[in-house]
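Input: a single structure, listed below in structure tokens.
Since every read-out is calculated from the coordinates, none of them should be taken as a lab result. The structure presented is a predicted model; accordingly, all values stated were derived computationally and were not measured. All Cβ positions, even for glycine, are placed from backbone atoms using ideal geometry, and neighbour counts span all protein chains on display.
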């Protein structure tokens with residue numbers, strides 16, 4: 001199941017303009033022009049989660065996690081910077097895609113954001 005989830009994450013993240021994958025800290029991370037917007041983790045420190053950690057807009061973390069604590073969580077390390085954790089096995093593709101696109105928008109250069117707006121979500 002974890003391989004399927006990683007393939008799912010790759011399909012969603014790498015469909016974005018100039019998105020790349022780079023291993024860091026023993027896990028796949030997804031970046032645009034070397035700025036990280038997502039990180040895939042499978043059972044990180046035995047937490048039992050297959051998850052995607054995503055950059056989130058300032059102030060959004062608390063609201064997102066509180067609105068659906070069974071789907072989202074505050075991840076260790078990057079949670080202090082407002083990132084959110086997304087349970088991959090508890091969210092559909094549309095939800096994950098929307099969250100990934102929002103994370104991407106926060107780090108992508110303006111020229112790439114124009115390309116993103118021209119694409120269908």
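Points worth noting:
- Most fluctuating residue given options 28, 69, 17, as computed from a GNM of the chain linking Cα atoms under 10 Å: 69
- On full extension, the segment bounded by residue 110 and residue 4 gains 35.0 nm, given 0.36 nm per residue less the C-alpha separation.
- Rounded Å value of the spacing that divides the Cα centres of segment 1-37 and segment 48-121: 13
- Extension reserve of the residue 117-residue 20 stretch, reckoned as 0.36 nm per residue once the Cα distance is removed: 33.0 nm
- When the P(r) of the chain is calculated, the portion above 25 Å amounts to 16% of the C-alpha pairs.
- For 77, 40, order by how many other beta-carbon atoms lie within 10 Å, fewest first: 77, 40
- Computed on the chain, with alpha-carbon pairs under 8 angstrom and 6+ residues apart, the relative contact order is 23 percent.
- Considering only 63, 71, 81, the mean-square fluctuation computed in a Gaussian network model of the chain, springs between alpha carbons under 10 angstrom, is largest for 63.
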